[in-house]
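Undergrad: I have a structure here, written as structure tokens, and I will follow up with some questions on it.
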Amino acid sequence: MVATDKNFDVIIIGGGVIGTAVAYNLSKLKLKIALLEKEMELAFGTTKANSGIVHAGFHSKPGTLKASMCVKGSLMYPKLCQDLDVPYKQNGVLMVAFNSEQLPELNVFYNQGRLNGLTDLKILTRDELLKKEPNLQDEVIAGLFAPTGGVVSPFELAINLGESAKLNGVEVVLDSPLLKMEDRKNHLLITTKDNHYTAKIVINCAGLYADNIARMLGDDSFSIIPRKGEEYLLDKRVGNLINSTIFPLPTPNSKGMLVIPTVHGNLMLGPTAIEMDKRDEFTTTALGLKTIYDFTKNLVKGLEKRDLIASFAGIRAASDRGDFIIEFSKTNPRLLNIAGIESPGLTAAPAIGEKILEMVKARLNDEGMSVGLNPSYNPVLPKKLHLRDLKGPELEKAIQQDNRFAHVICRCELVSEAEIVAAIKSGARTLDGIKLRTRAGMGRCQGGFCTPKILKIMSRELGIPVSELTKRGGDSVLVPYTAKELI
Ligand SMILES: Cc1cc2nc3c(=O)[nH]c(=O)nc-3n(C[C@H](O)[C@H](O)[C@H](O)COP(=O)(O)OP(=O)(O)OC[C@H]3O[C@@H](n4cnc5c(N)ncnc54)[C@H](O)[C@@H]3O)c2cc1C
């Protein structure tokens, strides 16, 4: 028996950047919506482990969903990030050629970008390039520059999209893996670890597991082909070596290995692109580092292995169809699949969210349900204060209002106790959740200094013993029982 408060118009499966962008858009409508995420927090899937580039759109083949969603999404970023208080910088993307054989290929991408609707692409000469990017290697001969490209904090975007959706009425249910889905004629019946739910429409945004979800209703029209990418983060000391994101000419299955200035002032090198059988194997390797470093040092001068502060791997949820899949299932008209969202999925997310709003509205209208607007919808999130941005009178005022701004918890990224507490109040339940929201633990010492302090604050605010706090939920307990007194 399903309790009435578990009956929804729309249920979204998956709280990555796609699921949260869909939730954010659908919250503009007067609908009863839930988002179910299997992990303890939003953005714990591929959304937390990628390059953070807002692509301009010249990489994707004209006529594909990847091309149209990428170009549209990219242009939506400045306003969306302003509304949602998400770090974003429009630094431009630059594809560089190092020999004359690469010049025709550079032109192919120029023409492809024009066909995709980019009007401001420019081919730059060697002199123009070196004026813009003096640390490019001397052998560079030409480049393709797209000014609309940028960089963003992908997990902060997804978390804030989710927070906005929640404030606008979407029920966000974490730690809630979808286990079973059944067709009950007028709705779908969903079973999670703890509950049953019904929905008129289920939107499958399960990333690496989207094919498994579709198969629950007999839809085997696509399969996910996981492709892993290792990334290497360098210290802020070298953050200013380049201004734009530097791309080589791409390979057949990836955009190649890049030098990326992150939105928070680091440099990032990567990613690799290795097809795998597993969907949960996130190790980084000595070979990955060597491959990336040997390649990227030929693009930009001054890259040193000693500046490496962290490494991670993410897995692209590519599909056997090649393009993004955004369609109602042919097997069950109540299932809407958003799958195969590999790169440029982060860039495309805002446009995919908008497209889904139209598709859902039209489908519910077909069923005779006229869907109105949410009268209390508010697209803007209140701005959060960050110690790293505060100076002079602003800092004094913040400390007067909350003296925990004067208590530095993370020295590398300058994060205060007030921000850690605010992150917990807005829903962080794990150490990684705090890290993604505040950057505490993301700096040069990688949490060596701040982790014990954060655990103490979490324990105090959440009323949970330190020995039960986890890094990312599940069994990732941080402090073994016997060592808890050390904290
Ligand atoms: C190395 C790398 C670099 C990349 N760089 C870029 C880039 O620079 N720019 C760009 O545009 N794109 C980039 N991408 C692609 C981008 O990261 C993805 O397209 C995007 O994050 C996909 O988001 P998603 O929401 O579909 O997937 P995810 O973030 O994986 O979200 C899916 C969610 O579904 C949840 N889920 C799964 N199964 C269930 C279930 N049964 N019940 C409930 N929840 C479930 C998961 O826990 C997860 O949170 C990159 C990808 C990789 C791997």
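Undergrad: Check whether at least one residue in the range 386-405 is touching a residue at least 24 places away in the same chain (Cβ under 8 Å) and out of contact with any Lys or Arg (no Cβ under 9 Å at 6 or more places or on another chain), and report yes or no.
TA: Scanning the range 386-405, I find at least one residue that is touching a residue at least 24 places away in the same chain (Cβ under 8 Å) and out of contact with any Lys or Arg (no Cβ under 9 Å at 6 or more places or on another chain), so the answer is yes.
Undergrad: Further question: Across the range 23-44, which residue is farthest from the ligand (Cβ to nearest atom) among those that are part of a loop (DSSP other than H, G, I, E, B) and within 22 Å of Asn365 (Cβ to Cβ)?
TA: Lys30
Undergrad: For the range 384-394, name all the residues that are within 30 Å of the chain's Cα centre (by Cα) and not charged (D, E, K, R).
TA: The answer is Leu385, His386, Leu387, Leu390.
Undergrad: Only one residue in Ile341, Ile326, Ile352, Ile420 is among the β-branched types (Val, Ile, Thr), under 28 Å from Pro62 (Cβ atoms) and part of a helix (DSSP H, G or I). Which one?
TA: Exactly one of Ile341, Ile326, Ile352, Ile420 is among the β-branched types (Val, Ile, Thr), under 28 Å from Pro62 (Cβ atoms) and part of a helix (DSSP H, G or I), namely Ile352.
Undergrad: Using the structure shown, decide if Val360 is in a loop (DSSP other than H, G, I, E, B), more than 22 Å from Gly150 (Cα to Cα), in contact with a helix residue (DSSP H, G or I) (Cβ under 9 Å, 6 or more places away or on another chain) and among the aliphatic types (A, V, I, L, M).
TA: No, not satisfied.
Undergrad: What tally of residues in the range 227-256 results from selecting those that are within 21 Å of Leu144 (Cα to Cα), touching a residue at least 40 places away in the same chain (Cβ under 8 Å), more than 11 Å from the ligand (Cβ to nearest atom) and not hydroxyl-bearing (Ser, Thr, Tyr)?
TA: 7
Undergrad: Could you list, ordered by first residue, the pairs with Cβ atoms under 8 Å in which the first is in the range 359-372 and in the same structural domain as Asp9 (by TED's automatic domain parsing) and surrounded by 12 or more Cβ atoms within 10 Å (Cβ to Cβ) and the second is assigned to a loop (DSSP other than H, G, I, E, B) and among the charged types (D, E, K, R), at least 6 apart or interchain?
TA: Val371/Lys30
Undergrad: Are there strands (runs of 3 or more DSSP E) fully within the range 118-175 with at least 1 residues that are surrounded by 22 or more Cβ atoms within 10 Å (Cβ to Cβ)? List them.
TA: 142-146, 150-152
Undergrad: Hey, another quick one. Do the conditions hold for Val96, that is, is it buried (at least 24 other Cβ atoms within 10 Å of the Cβ), more than 16 Å from the ligand (Cβ to nearest atom) and either in a helix (DSSP H, G or I) or in contact (Cβ under 8 Å) with a residue 60 or more places away in the chain (or both)?
TA: yes
Undergrad: Can you confirm whether Gly372 is touching a helix residue (DSSP H, G or I) at 6+ places or on another chain (Cβ under 6 Å), of a type in the set (Gly, Ala, Ser) and closer than 28 Å to Asn160 by Cβ?
TA: no
Undergrad: If a residue must be buried (at least 18 other Cβ atoms within 10 Å of the Cβ) and over 21 Å from the mean Cα position of the chain (by Cα), how many such residues does the range 271-292 contain?
TA: 3
Undergrad: Looking at (1) polar (S, T, N, Q); (2) more than 10 Å from the ligand (Cβ to nearest atom); (3) assigned to a helix (DSSP H, G or I); (4) in contact (Cβ under 8 Å) with a residue 60 or more places away in the chain, which is the only condition Thr47 fails?
TA: (2)
Undergrad: Here's something else I'd like to know. Output the residues belonging to the range 157-180 that are within 13 Å of the ligand (Cβ to nearest atom) and in contact (Cβ under 8 Å) with a residue 40 or more places away in the chain.
TA: Leu157, Ala158, Ile159, Leu161, Gly162, Val172, Val173, Leu174, Asp175, Ser176, Pro177, Leu178
Undergrad: Output the number of the condition that Met268 fails; it satisfies all remaining conditions of (1) within 11 Å of the ligand (Cβ to nearest atom); (2) surrounded by fewer than 19 Cβ atoms within 10 Å (Cβ to Cβ).
TA: Of everything listed in (1) within 11 Å of the ligand (Cβ to nearest atom); (2) surrounded by fewer than 19 Cβ atoms within 10 Å (Cβ to Cβ), Met268 misses just condition (2).
Undergrad: While we're on this one: Enumerate the pairs (first residue in the range 292-314 and touching a residue at least 12 places away in the same chain (Cβ under 8 Å); second residue anywhere and surrounded by 14 or more Cβ atoms within 10 Å (Cβ to Cβ) and basic (Lys, Arg)) with beta-carbon separation below 7 Å, excluding pairs fewer than 6 apart on the same chain, so at least 6 apart or on different chains.
TA: Every condition considered, the pairs that remain are Leu303/Lys297; Asp307/Arg237; Ile309/Arg444; Ala313/Lys228.
Undergrad: Please find, among Gly92, Gly113, Gly117, Gly45, the residue that is small (Gly, Ala, Ser), modelled with pLDDT of 95 or more and within 24 Å of Gly14 (Cβ to Cβ).
TA: Gly45
Undergrad: Looking at the range 10-22, can you tell me whether even one residue there is more than 30 Å from Met268 (Cα to Cα), away from the ligand (no atom under 11 Å from the Cβ) and of a type outside the set (S, T, N, Q)?
TA: Yes, the range 10-22 contains at least one residue that is more than 30 Å from Met268 (Cα to Cα), away from the ligand (no atom under 11 Å from the Cβ) and of a type outside the set (S, T, N, Q).
Conditions (1) in the same structural domain as Ala206 (by TED's automatic domain parsing); (2) in a loop (DSSP other than H, G, I, E, B); (3) within 22 Å of Ser153 (Cα to Cα); (4) more than 16 Å from the ligand (Cβ to nearest atom), marked per residue:
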| position | (1), (2), (3), (4) |
| --- | --- |
| Thr272 | no, yes, yes, no |
| Thr284 | no, yes, yes, no |
| Phe295 | no, no, no, no |
| Asn298 | no, yes, no, yes |
| Phe312 | no, no, yes, no |
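Undergrad: Turning to a different aspect of this structure: Six or more apart or on different chains, Cβ under 8 Å: which pairs go from a residue in the range 63-89 that's under 23 Å from Arg388 (Cα atoms) to one that's basic (Lys, Arg)? Could you list them?
TA: Asp85/Lys383; Asp85/Lys384
Undergrad: Here is a follow-up. Using beta carbons and a limit of 9 Å, which pairs, at least six apart or on different chains, have the first residue in the range 20-35 and not assigned by TED's automatic domain parsing to the domain that holds Ala165 and the second one buried (at least 21 other Cβ atoms within 10 Å of the Cβ) and at pLDDT below 95?
TA: Within 9 Å, no pair qualifies.
Undergrad: Next question, about the same structure. Among strands (runs of 3 or more DSSP E) lying entirely in the range 184-261, which contain 1 or more residues that are modelled with pLDDT of 95 or more and under 30 Å from Gly92 (Cβ atoms)?
TA: 224-234, 245-247, 258-261
Undergrad: Taking the stated definitions as given, is Ile203 surrounded by 23 or more Cβ atoms within 10 Å (Cβ to Cβ) and either without any contact (Cβ under 8 Å) to a residue 12 or more places away in the chain or under 16 Å from Ser27 (Cα atoms) (or both)?
TA: yes
The values are calculated or read from the model by the stated rules, or taken from the named source; none is laboratory data. The structure presented is a predicted model; accordingly, all values stated were derived computationally and were not measured. All Cβ positions, even for glycine, are placed from backbone atoms using ideal geometry, and neighbour counts span all protein chains on display.
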